[in-house]
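Taken together, the values in this text are just the output of simple stated rules run on the coordinates, not laboratory data. This one's a predicted model, so the numbers in the text were calculated from it and none came from an experiment. Virtual Cβ from ideal backbone geometry, glycine too; neighbours counted across all protein chains shown.
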Amino acid sequence: MYQQLYLHWCQRYWLKHRHHPGYFIVVWASMTGILLMFMLALPDPLFNVPYSPVLYDRRGKLLGAQVSLDGQWRLPSTGPINKKFSIALQVFEDHRFYMHPGIDPLAFVRAAMQNAQKGRIVSGGSTITMQVVRLMRGNRDRTMIEKVVEALLALRLEWTYSKRDILALYSAHAPFGGNVVGLEAASWRWFGHASQDLSWAEAATLAVLPNNPGLVHPGTNRSVLQKKRDALLQKLFNLRYLDRDSYFLALQEPLPGPPKPLPRLAPHLLARAVAENSLPLIESTLDGLLQKRATDTLERYVQQFSKNAVMNGACLILDTRTGEVLAYVGNVFATEEALSYGRAVDIISAPRSSGSLLKPFLYGAMLDSGELMPAELVSDIPTRIGSYNPENFTKSYLGAIPADQALARSLNIPAVRELRTYGVDRFARLLRRLGFTTLFRPGDDYGLPLVLGGAEVTLWDVTSVYAGLARRALFDTAKTAFFPPWYQSDDHKASQSEQRNILKKVVTVASEDQLLSRGAAWLTLNALSMVNRPGEDGAWELFKSSRKVAWKTGTSFGYRDAWAVGTTPEYTIGVWIGNASGEGRAELQGSLTAAVVMWELFSAMPATTWFPRPDADLVPVEVCAISGLPISQNCEASRIDYIPYNAPRKESCHFCVSIPMTIDRTNRVIITADMKDPVVYEKHFVLPPAEEYFYKRWNLTYQGLPPLKPEHQVHSDGNSVPEIAFVNPEASSAIYIPVEIDGKSGRLVCTATHRRASAILFWHLDDTYVGSTKGIHQIEIRPGPGTHILTLVDETGSSLHRSFTILSEP
């Protein structure tokens, strides 16, 4: 404004007096004055001071702040100055603020007269603009020279900045008592809310404080502060800024008490933000209400779990479609008393053992590769691969189970056997491309335990990758691999551009086709929505809900980490429960701790939908109703299953066979060249002997093979289904047997099964007879280092051979 007025005056003066003799003197004096003013250049920036890092949610609500590097509470301004405070400040400090150019001669005259009457300096006649200059120059000693400099710089400041900007500068840097600087910090510290919510009494209190900041402290000064505030309220009433009722109500409001703590709704995210970028103002994507609810829920449950010495917990809530972080609880609330429990540790970014959380991605990958059908029967029998002997959480075996149910029940043995087929290094590469950033070792270093918790992951990666899996099921072009943003990323927010450049990280992949297809993602989520989960997830009945959620739990070895992560088209929630120290507890099971928290958080969410079936990315296939494999001519019943569009087709069902039977259908027979009796063929579902041994314990309707006709038991049955099966050792396995405590070589326990419960098995090691078994076929042997052949023979002459190697060193 003043720049335009000055240029207009210069133009008129030059046109009118350009031929006057004194013209050049006036021009020279004007240019000298202008040059002098610009020589007194303003610093850039005006205030080179550290600000308190502050975190806001998506609606501008304060979530937390830290003290600045110089120990002051100095919050950066986020919007226009409060109107009540602006009026109160001008009435108290500079009521001609909008009429002077930075200095007020009338104020100087008034101040001089007051000082002369009192015989000392009681008023300086400074304008708000001059006070901004004084704050900018570090409150130097009051001298005549300093006063002149402040006046000149005030003129210079008014030349560059608008009145509104000057008020904002004063409000952001004025002292308000103690280590509180700026209006926003003062409003929070003295009244416990944002400056935009100040009442007239609060605004008047803060307007008089910078004049004497020490008045805010308890003591005799409180009466002086009361008088100043009430006097200012009366002026505001006299000037008709307040009506009578508002004035008398304002007088009744108490003065501020001790400093109030600022909100601490996301202290771990704030600490992370400070570490990752240098901007003091952090506008996050968090939902303040959801953050508070998640924090309170986690606090309540961890307090309950602490009775069993489980002291820590974390949760992360994402918007599934956008990946934005809606709630970030890095740990239960950290206080000085609780620091011994590691509650200052941000668990969300801490690598922890994954437990069973990686199983769904192996399932989806094998659907895409055609190595697995959605409900194909997979083996669940005792398994030993070299020296590795995985076990199910329940320590029991089902023999055979559909693959989707094995995933839903989180069975370990089917997952390990599937990974052995798929390949460890291949699976590790897939996990890295999906977004698991902590898998830095070669895949072979992890080995088969990779799928059961042999690798460390973070809650940040886990939740974001599950959200990516859901996005993949929702959108054909959705990226599954990127870090969820927790900061506001609107392009028009120039103040956030640097923050976005620092923090926006995208995992680059060669092609989305190399990851899970949309059809495989949908099938995987569908399997994870199955509700009947015994064993590790046996507490499912506690979580009955009308909403459909794809979810998975995980429990690390030694009960050190309990996980639960669930996703819907709207929200993805990840929860971790445990001890930051890594101390294990028997109660630390995903279904008993983390899942309870996750389901309560889901129950507080708005109603959710389910993922629509992506028919364009799936192919219907007629499969055997029992085995889940493509139907063969021997299958009695069928159904329609879906597989990914580009998945290779598997061979037809081999579990269903046609068995030659006697004419009365009571016994099966073996077809020989000299056989004269008529036969009929029956369709039967038959499992291999090892799987059948465990399967029939859980499936009472399973019939298996009919008994062989007695006179046919002496015939070789080489073309029929096998009668004998090894359980362990595995074929071509390499085994290390440790030396026992007494110094003797250790023993190898070998296990086999036979279809007939009454069968006798004769065991031979390298053509040397070892012994016989009946009923439970298990025997101990002491083979030396080297390659061996184990042979089984039953009383009918049927035999089976198994080769394995004993290692001299592990």
For the range 253-293, with +1 on Lys and Arg beta carbons and -1 on Asp and Glu, the positive-most of Pro256, Ala275, Gln291 along the dipole: Gln291
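Using Cβ contacts closer than 10 Å as the measure, can you line up Ser799, Ser464 from fewest to most? Working shown, then result.
Values: Ser799 14, Ser464 27.
In order of increasing Cβ crowding within 10 Å: Ser799, Ser464.
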Whole-Hz ³J(HN,Hα) from phi, Karplus 6.51 cos²θ - 1.76 cosθ + 1.60, for the range 600-612, glycine and proline x: 5, 5, 5, 5, 8, 7, x, 4, 10, 9, 10, 6, x
Rounded D (µm²/s) - the range 72-252, Kirkwood Rh over Cα pairs, Stokes-Einstein at 20 °C, 1.002 mPa s: 127
Highest average packing first - 786-795, 88-97, Cβ atoms within 10 Å: 88-97, 786-795
The range 656-712, relative contact order in percent, only Cα pairs under 8 angstrom and at least six apart counted: 40
Peptides 738-749, 145-156 ordered by average Cβ neighbours within 10 Å, highest first: 145-156, 738-749
Aspartates and glutamates whose Cα lies under 14 Å from that of Lys61, excluding same-chain neighbours fewer than 8 positions away: Glu184, Asp197, Glu283, Asp287
Once the Cα gyration tensor of the range 724-807 is diagonalised, semi-axes √(5λ) in Å: 23, 13, 11
